[in-house]
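Structure record follows, encoded as structure tokens.
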Amino acid sequence: MSFFPRISLRPEVTDYLKGVFLNNELLASVGRHEAERRFETLLTCLSHPPSSTCVRASVHLAPLGEIRHKLCEELKKVSRHVHEDSRVHVCVGVGQHTEELQVLPHPSVPDVLLLPVDGPRCVQQLSKEVVVGAQCGNAVLRGAHVFAPGMLACPKHMKAGDVVSVFSDLEGKCTRGAFSFHGKRVFVGNGVAEKDRSSIFCSGEPARGVGIRMIEPLYATPSFDGLLPQLVFLQNLPSVVVGHVLGPRPGERILDMCAAPGGKTCHIATLMRDQGEVVALERISNKMELIRQNAQTLQLRCIKAFCFNSTRAVSEHSNPEAEEPPFPPESFDRILLDAPCSGLGQRPNMASTWNLKEICSFAPLQRKLFQAAVQLLKKGGVLVYSTCTVTLAENEEQVAWALRTFPCLKLQSQEPHIGAEGMPGAGLAQEQLRLLQRFRPELSWEQVAAGAPLSCRANSDTIGFFIAKFQKT
Ligand code: SAM
């Protein structure tokens, strides 16, 4: 764990989170020592990627075993290709020998394949340095190559074919087009430049495509760029769990209120065997296009995507025939509200520059969206609320508010339930907390050392995530 520091947050945000994780209810429940351990673990985990990569298999197109076999074959090809590259001794995250390749079915999530992440590894830094944006750096730590738009600084005479060290600019202070940068940065691995410096920064048009092909990443796991795009979809494990918890059935009408880029929308349609209707709403039009592209790639025809503000998705005039938003009340059998949130569960995240006001700005929007969701849900219908953050205000406190505000809602148990239960601190009863699913990143290094199987580690070493399931009575 000594490769990166813990996540760097503004002091006011660290204090706020400490207050959340050391709240009186939690202290009374687990004791100060355990509460402090969880908080420290969280801060450390956040700056590192999970120790496994999760892909969702398109089981509507082929059986899981067949997809797994095809994926293994593709990964072997990539591995062979990279090993033939004589410039540097390399590893592509599937072991240095193809026999070591591991792609395992998840034991309880039927459409998930898991691959181990090897890292942090000992990688020697080189004299030529490239600096990339933090988002790009985070993607590299999860197996991606460096795409040209993410590049900020590179040496004056960098040519295609040069072997370079890649650093992530933690505070967004590096100027695009700089020759070098010595601000707060972190080493993420070595790669080969695919383009000259001049074609990245000076060609007049924004550069596209891979800028640096990673050959010695600090965390080795395959890049899924262009790898069996119809059959495998890179998705965090808790995000796949959400689709199963929603439990869509063929022929139903489902609403995904905050849908882009459409990972969960496509999963829902897959679980429905592409029969019925999935309405996907997204406020930002470019992002909405991603939903359509993903649906097309995965050959899912039952998805209808609209650019729309979901807080306004309930129509005042009831038109039961409405096929486009806004919709009349009680239009949907199931609704997913995967809410916009502070994203503090995302991994890896080495630094967040957000202030407390920004972090606290999501709860009111989430409540507006929730209100619309309750109206749009049919009686007897299911509503799933999820976030990829760790605060109480956006998770358990929203559940407590929802149960107070909408007596028609009842909390439901979740299947599968592989995360922890809800966190005390919002006044929910123990039996209510048991119905909530909180993915609390836990270090798996001890488990690795103890030889715990990948499938066990994968359930606890995830991004931070929260799921609540309600039924409208
Ligand atoms: N469910 C998505 C998936 O699995 O791919 C991820 C959704 S992301 C957490 C939240 C999304 O909600 C963002 O794309 C954001 O642009 C969108 N959003 C935010 N406010 C919205 C609103 N009022 N109406 C519709 N979409 C909104």
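Gain in length, residue 24 to residue 368, computed as 0.36 nm per residue apart minus the alpha-carbon separation, to one decimal in nm?
Contour length minus Cα-Cα distance gives 121.0 nm.
What number, rounded to the nearest 500 deg cm²/dmol, is the helix-based mean residue ellipticity at 222 nm of the chain, given -39500 (n - 2.57) per DSSP H run of at least four residues and division by all its residues?
So the helix-based figure for the chain works out to -9000 deg cm²/dmol.
For segment 454-466, what does the Karplus curve 6.51 cos²θ - 1.76 cosθ + 1.60, with θ = phi - 60°, yield as ³J(HN,Hα) per residue in whole Hz, taken in order and with x for Gly and Pro?
Values per residue, Gly and Pro as x: 3, 5, 6, 5, 4, 6, 9, 9, 10, 5, x, 7, 9 Hz.
Of all the C-alpha pairs in segment 129-217, what % are more than 17 Å from each other?
Cα-Cα pairs in segment 129-217 separated by more than 17 Å: 36 percent.
Using modelled backbone amide H atoms (1.01 Å from N, in-plane), which distant-in-sequence or interchain residues come within less than 5 Å of residue 152's amide H?
131, 132, 133
Sort the following peptides by mean Cβ neighbour count (other Cβ atoms within 10 Å, averaged over residues), highest first: 230-243, 153-166.
230-243, 153-166
Going by amide H atoms built from the backbone, whose H comes under 5 Å of the H on residue 315, apart from near neighbours?
Counting only residues 5 or more places away or on other chains, the set is 327.
Relative to the present Cα-Cα distance, how much length would full extension add between residue 287 and residue 159 at 0.36 nm per residue of separation?
Here the segment from residue 287 to residue 159 would lengthen by 42.7 nm.
Using only Cα atoms, figure out Rg for the chain and give it as a multiple of 2.2 N^0.38 Å.
0.99
So what are the ³J(HN,Hα) numbers for segment 252-268, from phi and the Karplus equation (6.51, -1.76, 1.60; θ = phi - 60°), rounded to whole Hz, Gly and Pro as x?
7, 10, 10, 10, 10, 7, 9, 9, 6, x, x, x, 6, 4, 5, 5, 4
Bins of 10 Å, beginning at zero and ending with the bin holding the largest distance: percent of Cα pairs per bin for segment 212-281, please.
Going out from 0 Å in 10 Å bins, segment 212-281 shows 18, 42, 25, 12, 3 percent.
Probe radius 1.4 Å, ligands and nucleic acids ignored: give me the carbon and sulfur share of the accessible area of the chain as a rounded percent.
Answer for the chain is 50 percent, counting heavy atoms of protein chains only.
Report the Cα centroid-to-centroid distance between segment 101-154 and segment 340-395 in angstrom, as an integer.
If we compute the Cα centre of each part, the gap is 27 Å.
Using only Cα atoms and rounding to the nearest 10 degrees, what angle (0 to 90) does helix 64-84 make with the longest principal axis of the chain?
20
What order do you get for 255-265, 395-405, 362-372 when each peptide is scored by the mean count of other beta carbon atoms within 10 Å, highest first?
255-265, 395-405, 362-372
Using the Karplus curve 6.51 cos²θ - 1.76 cosθ + 1.60 with θ = phi - 60°, work out ³J(HN,Hα) for each residue of segment 30-38 in order, rounded to whole Hz, and write x for Gly and Pro.
Residue by residue, segment 30-38 yields 10, x, 5, 4, 5, 4, 5, 4, 4 Hz.
Among bridges DSSP assigns within the chain, what percent are antiparallel (round to 5)?
Roughly 60 percent of the beta bridges in the chain run antiparallel, per DSSP.
Using Cα atoms only, what is the angle between the long axis of helix 285-297 and the major principal axis of the chain, expressed in degrees (0 to 90) to the nearest 10?
For 285-297 against the chain, the angle is about 80 degrees.
Over all directions, the average projected area of the alpha-carbon convex hull for segment 180-242 comes to how many nm²?
7.2
Collect residues whose amide H, placed 1.01 Å from N in the peptide plane, falls under 5 Å from the amide H of residue 215; neighbours closer than 5 in sequence don't count.
190, 191, 192
Give the cross-link partners of residue 410 among the lysines, using a straight C-alpha distance below 27 Å as the criterion and excluding same-chain residues fewer than 8 apart.
Excluding near neighbours in sequence, the set is 264, 368, 378, 379, 469, 472.
Per residue, how large is the accessible surface of the chain? Use a 1.4 angstrom probe and give square angstrom.
Accessible area per residue: 43 Å².
Give me the mean projected area, in nm² to one decimal, of the convex hull enclosing the Cα positions of segment 225-342.
If I average the Cα hull's projected area over directions, I get 7.5 nm².
The values are calculated or read from the model by the stated rules, or taken from the named source; none is laboratory data. This structure is a prediction, so every number in the text was calculated from the model and none was measured. No Cβ is skipped: glycine too gets one built from the backbone with ideal geometry, and neighbour counts run over all protein chains shown. Protein only, heavy atoms only, side chains kept; ligands, DNA and RNA dropped before computing areas. Shrake-Rupley method; radii C 1.70, N 1.55, O 1.52, S 1.80 Å.
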